[in-house]
Structures are given as structure tokens and as C-alpha cells.
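Working notes, beginning with the structure itself.
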Amino acid sequence: MTPPMDIVHLKSMVNATLLELMPAQETSPTHLHQGMHYALLGSGKRLRPLLTLLAANVATDSHTLRMACVSELVHTASLILDDLPCMDDATMRRDRPCTHIRFSESTAILASTNFLNLAYGVIADCPNVDASTKVAVSAHLSHVIGSMGLVGGQIADLQNHPVGTKSAIEQLYHQKTGCLFEFAVVTGARLRGLDAEVIDALTRFARAFGLLFQLYDDMLDHSTFVQETGKDVQQDAAKTTLLSLYTPEEVRGALSNAQAMAREQLRRAGYDESSLAALVEQQFVAFNGAAQRLGV
Ligand code: GRG
């Protein structure tokens, strides 16, 4: 397998690009811009942009970097909203007080809205990407954010119907988490001009990876991980999650089946020997380590 590209270096390039994409903090309206810098430049792992860069396989040109940042702008917008008192009512995010606490609820909502606006602007403004790719990326993003994606997943999560079936919860996980991973890898593939067969395989990969990542996020919500997450834990204590529905044996089964599916789809897409596969394997180590620590 190809050794992973230098992830630390890629992450620092993503951070530099994110900084470039936002108006400076000193630019009026300063309070809003400061809130955006605060929310975006905290300790995020930048996993979604890294997936785009590695799927695109030309990690360091400026248009790929800018397109890779789109998913991070949207992800950050969603985290800001998710933390609000009317949603999860969280206090900590990315190792510091949530944006609505450090600034105000109105600033947080407007910062989130402006991140979404910026995301579409970045796609439209990318000079080296052809118009048909931009249209495909924008349409995909609109689907991912909308009522069949993040927004729909969030409303279902907030309503928390007490007896969710496993397949309903898996669908919810796809909407809350998997679909933005899907957008990230598929955007990378589109930038390479890869065909429908590859996009289909990456879409299936992302569904499996999103399920794993959300299951992992559920595990991190356990108090065992209070020192390590940089955000509130036990937010899901009253919610139905796969962890609360599954027996430990089923959790192990789900982890191993989804990992097998993710590997198989990466192979189908031609990425099995790639840096993308190496990054994914690193994530699997983290997922399996968390499961082991929780004894599942
Ligand atoms: C309008 C974009 C938009 C969203 C509205 C609020 C909302 C609907 C959706 C929230 C969805 C949500 C918060 C899902 C959880 C996703 C998740 C697993 C977050 C943790 O991701 P990490 O670990 O976080 O990658 P960092 O901080 O490292 O980036």
C-alpha cells in the first residue's frame, strides 16, 4: 500500500486555506468575522477535507485545496447550530466554549449561515474547475445539506422517536454524518474526472464509513472519553443510538461488516493501494480501539 501522504502537512495546508477563505477578523462586521474564525480554526481534525484531497490525489494545488475546504465550512456550520441551546445545548466544542457561548446566539447563527453561503461561493469561484463539475458539486452539496441530508437528519435526531428501528437509525446516521463524507470523497473523485462507476463505489464506501464514524462518535459520548474529545459528553444519554440498541456482539459485528464493506468499495473504486485507504485504515484503528476500551 502507498504510504500515507504527510497528513500533518496536508492538515496545515487545509488550515491555511480555511484562513484565506474567510474575511479577516479586522474586517467589518468584526464580531461576525471573529466568531467565524473562532468556530472554524479550533481543534478540528479536518477529516472531510483530507478525504477530498486524498480522493483527488493531487493534494496541493490551490483549487483542490479550496474545493476540499467546502465540506469543512459546511461541517463547521452544522456544529455551530448543533450546539445551540435549542438543539443539543452544548457548552464545549473543539476544546473551547461553543461559539454561541463565547460570542452570542445571534452571532453563532449568522456565522453558520455565512459559512454555508461561503461554501457555495468557493465552488462558484474556483477558476480551474470546469462549469459542469461545479454544477455537479453544487447540486450534490444542496442535497447533502437539505431535508434528505443534514437538516433532515438533525430534525429526526431532535425528535428522537423512542423506538427507532436499526435501519431507521442507520439512515439517520447517514444523513447526520455519512452524507457529508460522501460529498467529500465524491468531490475529490469529480476533480479527477472519475466516472460514474467510481462515484457509485465511493458513495457506498462513504455510507459504511459514515456509519462507523457515527458509531465511534457515539462511543466517544461515553464518560470514559471525557478528557479526550474536546466537547461535551453524554449528550446522547437520553437518545436511541445504535449503541443503545445493539448488544456488544452486534456492535462488534457492525464494526467489522462496515469495515469490510468500506474496504471492498475502495477496492472497487481503485483506491485500495492509495493514501486514502491508508488514512481510512488509521481511522479504523481508532474506531476499534474505542470499542475495545468500552468492552464491546
Ligand atoms: C445547515 C449545515 C446545516 C446543518 C443543519 C445542525 C445540523 C443541521 C446538523 C448537525 C449534524 C451533526 C452535528 C452531526 C454530527 C457529526 C459528527 C460526527 C461530528 C463530529 O465530527 P468530527 O469528530 O469533529 O470530525 P471535528 O471537530 O474534529 O471536526
Could you check how many residues of segment 232-267 are small (Gly, Ala, Ser) and either farther than 26 Å from GLU182 by Cα or open to solvent by less than 40 Å² (accessible area, probe 1.4 Å) (or both)?
6
With GLY210, GLY178, GLY149, GLY164 as the choices, which residue is small (Gly, Ala, Ser), open to solvent by less than 30 Å² (accessible area, probe 1.4 Å), within 10 Å of the ligand (Cβ to nearest atom) and farther than 22 Å from GLU281 by Cβ?
GLY149
Of all residues making up segment 42-68, the number that are in a helix (DSSP H, G or I) and closer than 16 Å to LEU279 by Cα:
11
Regarding segment 115-137, can at least one residue be identified that is within 15 Å of the ligand (Cβ to nearest atom) and surrounded by fewer than 13 Cβ atoms within 10 Å (Cβ to Cβ)?
yes
Tally time: how many residues in segment 89-104 are assigned to a loop (DSSP other than H, G, I, E, B) and either among the small types (Gly, Ala, Ser) or touching a residue at least 12 places away in the same chain (Cβ under 8 Å) (or both)?
7
Can you pull out the residues in segment 39-58 that are open to solvent by 10 Å² or more (accessible area, probe 1.4 Å) and away from the ligand (no atom under 15 Å from the Cβ)?
ASN57, VAL58
Residue that is nearest to ILE199 (Cα to Cα), among those in segment 113-152 that are hydroxyl-bearing (Ser, Thr, Tyr) and in a helix (DSSP H, G or I):
THR133
Going through segment 12-39 one residue at a time, which ones are over 23 Å from MET67 (Cα atoms) and outside any helix (DSSP H, G or I)?
GLU26, THR27, SER28, PRO29
Pairs where the first residue, in segment 62-78, is touching a residue at least 60 places away in the same chain (Cβ under 8 Å) and under 17 Å from ASP125 (Cα atoms) and the second is open to solvent by 10 Å² or more (accessible area, probe 1.4 Å) and aliphatic (A, V, I, L, M), C-beta under 6 Å, 6+ apart
HIS63/VAL129; THR64/VAL58; THR64/LEU191
Go through segment 217-231 residue by residue and tally those that are in contact (Cβ under 8 Å) with a residue 60 or more places away in the chain, open to solvent by 40 Å² or more (accessible area, probe 1.4 Å) and in a helix (DSSP H, G or I).
1
Would you be able to say whether some residue in segment 76-86 is under 17 Å from the mean Cα position of the chain (by Cα), closer than 26 Å to GLY188 by Cβ, surrounded by fewer than 18 Cβ atoms within 10 Å (Cβ to Cβ) and within 10 Å of the ligand (Cβ to nearest atom)?
no
Quick check on GLY35: is it open to solvent by 10 Å² or more (accessible area, probe 1.4 Å) and not aromatic (Phe, Trp, Tyr)?
no
Go over the candidates SER28, SER112, SER62 one by one and state the one that is within 30 Å of ALA189 (Cα to Cα), open to solvent by 10 Å² or more (accessible area, probe 1.4 Å) and among the hydroxyl-bearing types (Ser, Thr, Tyr).
SER62
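The values are calculated or read from the model by the stated rules, or taken from the named source; none is laboratory data. Keep in mind that this is a model prediction, so the values were computed, not measured. FYI the Cβ positions are ideal-geometry reconstructions off the backbone, even for glycines, and counts take in every protein chain you see. Keep in mind that these areas ignore ligands, DNA and RNA; they rest on the heavy atoms of the full protein, side chains included. Shrake-Rupley method; radii C 1.70, N 1.55, O 1.52, S 1.80 Å.
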